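Here the structure is laid out as structure tokens; the discussion comes afterwards.
Read-outs throughout are calculated quantities, based only on the coordinates presented, and are distinct from any laboratory measurement. All values reported here derive from a predicted model rather than from experimental measurement. Note that we place each Cβ from the backbone using ideal geometry, even for glycine, and neighbour counts take in every protein chain shown.
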Amino acid sequence: MKKILAFVLAVLMALSGCAYAAGDGKWHLGILIHSMDNEFWAQEANGGKLFADSKDDVEYQVLTTDGDDNREIQAIRDFIAQYGDHAIFVTDPASRANTANVVEVCEEAGCKVAILWHHADGLEPKDWKSFVVHMSPDDIVAGYNTAKTLFEKMGGKGKVCALYGVQGEDSAANRYAGFQKALAEYPNIKMVDMQVASWSQDQAMTFTQTWLSAHSDIDAIWSANDTMALGAIEALKLEGRNGKVLVCGCDGIAAAYEAIEAGDLACTIANNGYLLMGYGASYAYQAARGATFDKPVIKTQAVLVTPENVKDCKAMFIDGMPKYDYDNLAFCVLSDYATFADAEKK
Amino acid sequence: MQNTKTGDFRNVPEGESWRSFLYRNIYIFSAVLVVSVFYIINPSFLSLYSIQNITREMAPLLPMACGIGFVLYTGCIDLSIGAVASAACVITGLNVADVGHWIIPMMLAFGVLIGIVNGSLVSRIKLPSFIVTLCAQSVYRAAAIVLSGGGSQNIALKQRYLVNWMSAIVFGLPLMFWISLGIVLACLIIERNTKLGKSIFAIGANEKAARLAGVDTVRTKTMAFMLCAVGAAIGGVMYAYKLKSSVPAIGDDKFMMAISSVALGGTLFSGGRGSALRTLVGVITVISISSGMNMAGVDPLWNNVVFGIVLIVAVAINSEKGIRDLIIK
Amino acid sequence: MNQEILFTTENIGKTYGVNTVLQGINVEIRRGEIVGLIGENGAGKSTLLKIIAGVEQPTVGTMEMNGKPFSPASMLDANRQGIGMVFQEQSLISNLTVAQNIYLGRERDFSSFGLINWSRMNARAREALNKMGLKDISPKARVRDLDFAMRQMVEITKVLDIVSETANNRALILLDEPTTVLSDAEMAVLFEKVRQMKEKGNSVIFISHRLQEVLQITDRIYVFKDGRQTAEVRTEGADEYILYEKMVGRETNGEYYVSARQTVPGADVVLEVENMSLFGSFRNVSFKLHKGEVLGLCGVEGSGKEDVCGVISGDLASTSGELKVRGKRVKFASPGDARRAGIISVPRDRRDEGIIGILPISENISVSNYEKNAAHGLISNRRQDRNAREWVRSLSIKCAGVAQRVSNLSGGNAQKVIFARVLDSECPILILDHPTRGVDLGAKGDIYALIRDITEKGFSVLLMGDTLDECLGVSSRVIVMKDGLVCGEFDCPADNKPDQVDVVKLML
Amino acid sequence: MKTFDRQAMTVAEEFVSKVEREARSSLIRVYAPMILLVVMTIGFSIYDSHFFSMKNLSNILGQMAVPLTLATGLTFVLLIGRIDLSVEGVMGLVGSAIALLVVNSRNSNDWGIWGVIVPIIAGLLFGLITGILHVRLRIATFIITYATGTIAAGIAVLLYHSQPATAKAQWIIDASRTTFLNIPLITWIAVAFFAVCCVILNYTAFGRAVYAIGDNEAAARASGINVSKVTIQVFVLSSFAASLAGVLALIRLKLGQVSLGTDQMFPCITALVVGGTSLAGGKGGMLQTMVGTLIYMELLNFLTIIQVPADYKKAILGVIIIVAVVLTLTRGRKTIAK
């Protein structure tokens, strides 16, 4: 029995991987994302793949970190152990604090890295040889923009509840900070309650149900991501108040587009993982081949999706994959958020 | 000659043959197997850089796994070690710049305190450890989140040099790994050569009998929880030094990792048996699997499936022999 | 007696690995016969019963039941063919009711469409209990609310019900030491039932260490030694000495309790109990224990003697009264406190409270006194093993080595390990709670001699004997308890033991 | 009417009165969770009138469907002294698979009723495999169920390839909106399952075997109970409960992803323990399960209603649960807690 098991183990592991030979002169791109269990992160992974496929001398591997700082560093080191200075990275870091570690590890090994999203204070690309670029659609801005859209649709007054993400994660905290910033600008809007629904649809639905019975007069629900927004919408549907109580999301998953089309969701943000990860990878690749950049901190396009532009966005991000010219590094740069239409014009 | 007709000759280590020695130590085999499979797939798995990497990953997990081992030997469980590590990591990360390395003994004291709380609830008030630690876990976790202000905070860039020494390479391997090895050694000594350790095993094997034989069950159990919480706190401190930041979510999956390591070493969860050496092998296996999957280029979609299957197979190979009469729950 | 042969075994043998525990067994059971199996622990009696009951499979040999080959695959299979066994350790489920226990595993008889009709089951259980004369046990009572003797009776009822259902009074019942936990009165009831079963044509195989019982109830006796069948004795005309001789292969002498070496207690009082009470158990108990004394506590089960010892060993807390050790007042919160004050007990329930089964012999011996083998706070395992080996030698514990697991030892040897533990603890006051329960005759003798040895060295012993005979034989003084009160005290000097009848009169 | 003068009592009478007292206190312990539930309900209603509103109660009942179903299955597992961490993974797998097989947003499948049956069978298969591995390889359930649960979640992600499907089948939408007596249909389904399990536990040979194994496994084996078989059956039953919970969660939320099952198992176990089911096995029952689940759901709901700060909520809940367990758990001088 034990021998059979041992054999199974060996075969399984042999099948699950295939032999690599280091030192083939190719660049090896490590695409670090949180997990594959989420549409947006999968979108990011696909962005990286799209870039790698467009170059003959780039091999890629997707590495997942489960949002764990430590596992992220471990994965980077594992990758460097295989390919040495021919490893390049584009990472969606587990947390802001961890970006410094990512950079230090890469610096030590001489690998180029592009960092997305999180930007630690004092950690500037210009101070490091390996830290090529920082690209991000800011979470604070995202939270601010969805909140603002929501408040405008409410007519600048009324009661709002908020759904928070996982405690301890940066993006949850930042989006909520953006929400509060917007809230401060609208004195007639009152926040009734905030609950931590941990990105969970089920918990969001439960909280919304409780709100609807305890504070039946709420006008809107601000949610830090789409999954929670969908949970809130399910609760509203049971009461027949979907579309009447406004809900917003963030991330731009497929189901959210459908909810906008159905009129249940007021807005979401398409962070465009394809663009973010693809161009991040491109920057790292160019840098590894010797290029230098003068403006290494970049705010990328992200799209506020509303009923007005939902059709186009869906066609672009969900039904297909956007094609970009990855050599035109300037394409992704945008000074601030704009609507999809603006991005198209560019 | 003390030989007789009665008794079972199947587990008699005295003057044993090399075969029975091998039989008893088969738990090492799965670690060797896992490592060699990954080595075959990708020879750089055993490069110096990679070994440094793997040992660096093992360092914080070792004290946590050895710590929870003590609780498992008594037949209890401690679900709170992840949260304790998170809290310790946050407190260390936030304060190491101001307090300096005095934070380490402070965190040890923190672990002792938490262990006494958990342990007393279990041993004195006689609540099931599963529920006590499950609930306590949410308290420690909340503390970590509130203290850190919701997200990771890194130690200011200027002060990072303060914590660099922990990651330094000494004799080819990271210093913190040597520290962890020292902790494993200390755990081994506690298990094999102290009254406390032996009492822990006696309680796990038969608590009623141990009590009547004069073992102080309340104190011993509390001490087991204390060792466990201290191990978790050391793990948390090491994560803070390693990641140079306070990460409130660092412990979230560490409980399962630690307990998988202990199980991979072949330790029973019914209590009374186990050893830190087995846990060491378990930690090597767990870290090798997760690092190896990165290096073998496993599609991340398959990560969970592969990990689950490898876990089952490795635990099955490692499980202790000669105990087929015990009831496994 | 019927001469029809019900059951035979032919050349049955059993080996575990290299270890032969049973070989060449040929027994023959006739209908309506009660057959005794005697032999020292480890002689293979229980193993034979387990093979007959289908719990274990023989390595060689065949069996026949009712003239047909019999090779049960499981206990259930054996039950269906009319063989049922009552185990040494109780096998009832304490959270279920009596009726549910009796019909556990046979619920199908009471179910329609998979659902059990509880009232039908309870009614059937009522009948079965009535047949056994257990009118005061309710089928709906939970087993955990019954006392040990009642549980034993329920267990016997269960087995009888299982086999009588199928066997039509051609059943074979196996009783493995059913009397160990029973009081004399309960034993009488049990024997009555066993005889009734016999009258109806059923047969019984009976194992006990108490030879008197065996002589009292059986028709024929097989004697086992070292896994072989060494003699067959007709009960008529046999007596204890003959049996003893056949079992141990040497003649018994009057020195069974080693009375000649009984020490005369010293004058120093080591333990003093003053007016101690435990609500619901005993009241105003006072006595003194002297140096080198063996003080026996007599009384029926439930007389409170167990709880007196429980309080002294720190296992229970008294409601009032005082305890003095060498003149100093003490109060114990746990047995650990008692050990530190110099009191340690040999528990009655060896399997549950005595041995630490999965640990090796050496650890079991050292558990009460780790400090003995320690230097600078660290225990030396080598010293611990050496210490254990010394004990193994001096108490002649039969084992394969000190690393052997205690659960693999026979009852007598496991008990000796526990004695080694309490002696190793260096506590001068020992509480021996049924120290010879379930221990074979050879080991019993060793234990009595051991008690003499230690009292000579100045240890004091508080003894609760397995039988009254033993209690009087070993003790230098006995205290009789009844209904929670001390009702008498006898001096038992070696040459002038009190009459058992006088003591029993006080107990009942 | 008996009145005892303490001095005049014989020890035997003392014994009787002591037994009676113990019986009384154990009776109180048995009913303590129920008393707690009633006290809580009344207290909460007085503190905040929203709590006892029809709407809030129906909310609580609606939210209870999934935990109750899971808890019902876990009751059997806990009763035989095991634990099942795989329910979360199985739940996620079944929910995700159904969403992909019925009319949905990702593909053109329309398997109708088979779209539900096939995933449930897959879920059962997981229970079967878990049970067999546990019994045959003798791996502690804590680890084996963690491993199989991880595998189930992994397969789910593989199935929907990181893009979960939204179920669009009309019957799912209808089912989520149907209520009867103001209580959602999914709750009725959960209650029906609960009732069936009550019968299974209390009126079948299987139910008795479950108690017997939890109480004394060696004795159960000696009584001719096939312990391995019953253990495997229990895991199959538990995974059926998880599968059903997956269906209910999907009806409630529509989006078929692994996180349908996330963070469901530990709260259920907490609820079971609060209700009075022992983690050591053999003690507990369906009534305890229902009461425990209600207590847990009410507490959660109440803490939200009174707007306890989100940062502290879980911590406060944890402390309350420990206090509740102290109040309701039978403990004694010699009790062993593990």
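At-a-glance table
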| item | result |
| --- | --- |
| In Hz, Karplus ³J(HN,Hα) per residue of the stretch D:264-281 (6.51, -1.76, 1.60; θ = phi - 60°; x = Gly, Pro) | 9, 6, 4, x, 5, 5, 4, 4, 4, 5, 4, x, x, 7, 8, 6, 7, x |
| In sequence order, calculated HN-Hα J values of the stretch A:238-247 (Karplus, 6.51, -1.76, 1.60; Hz; x Gly/Pro) | 4, 8, x, 10, 5, x, 8, 8, 6, 10 |
| Cα lying deepest toward the dipole's positive end in the protein assembly as shown, options A:Phe131, D:Thr179, C:Ser362, charges on Cβ | C:Ser362 |
| 10 Å Cβ neighbours from other chains, averaged over peptide D:148-155 | 6 |
| Residues of the stretch C:135-159 with amide N under 19 Å of the 7 Å Cα→Cβ point at C:Glu192 | C:135-138, C:147-158 |
| Cα gyration tensor category, rounded, prolate or oblate, for the stretch A:140-270 with a/c compared to 1.5 | rounded |
| Using distinct alpha-carbon pairs, which all enter the 1/r mean, Kirkwood radius of the stretch D:37-326 in Å | 19.5 |
| Sorted largest first, extent of the stretch B:58-252 alpha carbons per principal axis (Å) | 58, 39, 23 |
| Prolate/oblate/rounded call for the stretch C:401-478, Cα gyration tensor, a/c under 1.5 rounded | oblate |
| Shielding of C:350-356 by partner chains, average beta-carbon count, 10 Å | 5 |
| Nearest 10 degrees, 0 to 90: helix D:54-79 Cα axis against chain D principal axis | 80 |
| Set C:Lys50/C:Lys225; C:Lys50/C:Lys158; A:Lys181/D:Lys55 screened for pairs whose C-alpha atoms are more than 26 Å apart | A:Lys181/D:Lys55 |
| Entries of A:Lys237/A:Lys299; B:Lys195/D:Lys314; A:Lys148/A:Lys237; A:Lys129/A:Lys323 with Cα pairs more than 32 Å apart | A:Lys237/A:Lys299; B:Lys195/D:Lys314 |
| Share antiparallel - DSSP beta bridges, the protein assembly as shown, percent rounded to 5 | 45 |
| 5 angstrom amide H check on C:Cys298, placed H, neighbours 5+ away | C:Ile479, C:Val480, C:Met481 |
| Helical segments meeting 18 Å axial Cα length and Kyte-Doolittle -0.5 threshold in chain B (DSSP H) | B:27-41, B:48-73, B:81-99, B:103-123, B:129-148, B:175-193, B:217-243, B:276-295, B:303-318 |
| Where Rh is the Kirkwood radius over Cα pairs, Rg/Rh for the stretch C:308-436 | 1.00 |
| Nearby lysines by direct alpha-carbon distance to C:Lys291 (threshold 28 angstrom, same-chain neighbours under 8 apart not counted) | C:Lys305, C:Lys324, C:Lys328, C:Lys331, C:Lys372, C:Lys416, C:Lys444, C:Lys457, C:Lys482, C:Lys497 |
| Binned Cα-Cα distance frequencies in the stretch B:181-329 - 10 Å width, integer % | 10, 33, 35, 18, 5, 0 |
| Distant-in-sequence amide H partners of C:Arg220 (H built 1.01 Å from N, under 5 Å) | C:Ile34, C:Gly36, C:Thr235 |
| Principal semi-axes in Å for the stretch A:73-171 [√(5λ), Cα gyration tensor, largest first] | 36, 13, 10 |
| Reach of A:Lys157 by Cα under 12 Å, taken over aspartates and glutamates that are not fewer than 8 positions away in the same chain | A:Glu185, A:Asp219 |
| Links that overshoot a 18 Å alpha carbon limit, given the list B:Lys126/B:Lys221; B:Lys208/D:Lys18; C:Lys14/C:Lys45 | B:Lys208/D:Lys18 |
| Ratio of the Cα radius of gyration of chain B to 2.2 N^0.38 Å, where N counts its residues | 1.02 |
| Shielding by partners - mean other protein chain Cβ count within 10 Å, residues of B:109-120 | 0 |
| Unit charges at the beta carbon, dipole of the stretch A:140-270: most positive-side option, A:Met205, A:Ile233, A:Met194 | A:Met194 |
| Gap separating the Cα centres of the stretch A:76-130 and the stretch B:179-198, nearest whole Å | 38 |
| Most fluctuating residue given options A:Thr306, A:Thr210, A:Thr65, as computed from a GNM of chain A linking Cα atoms under 10 Å | A:Thr210 |
| Two-site FRET efficiency, A:Asn188 against D:Ile316, from Cβ-Cβ distance with R₀ of 30 Å, rounded to 0.05 | 0.40 |
| Solution diffusion estimate, µm²/s, Stokes-Einstein, the protein assembly as shown, Kirkwood Rh from C-alpha pairs, 25 °C, viscosity 0.890 mPa s | 69 |
| J(HN,Hα) series, the stretch A:309-319, from Karplus relation 6.51 cos²θ - 1.76 cosθ + 1.60, nearest Hz, glycine and proline x | 10, 5, 4, 5, 4, 5, 4, 7, 9, 9, 6 |
| Cysteines having no other Cys beta carbon under 4.7 Å from their own, within chain B | B:Cys76, B:Cys89, B:Cys135, B:Cys228 |
| Ordering of D:303-314, B:225-236, B:200-211 by burial proxy (mean other Cβ atoms within 10 Å per residue, highest first) | B:225-236, B:200-211, D:303-314 |
| Exposure proxy order (Cβ contacts within 10 Å, fewest to most) of C:Asp136, B:Asp252 | C:Asp136, B:Asp252 |
| Under-5 Å amide H pairs with A:Asp251, H placed in peptide plane, nonlocal only | A:Ile269, A:Asn271 |
| Ranked A:Tyr186, C:Tyr370, A:Tyr279, criterion: other C-beta atoms within 10 Å, fewest first | A:Tyr186, C:Tyr370, A:Tyr279 |
| Alpha carbon convex hull of chain A, projected area averaged over orientations, nm² | 20.1 |
| Protection proxy ranking, peptides B:36-42, B:307-313, average beta carbon neighbours within 10 Å, highest first | B:307-313, B:36-42 |
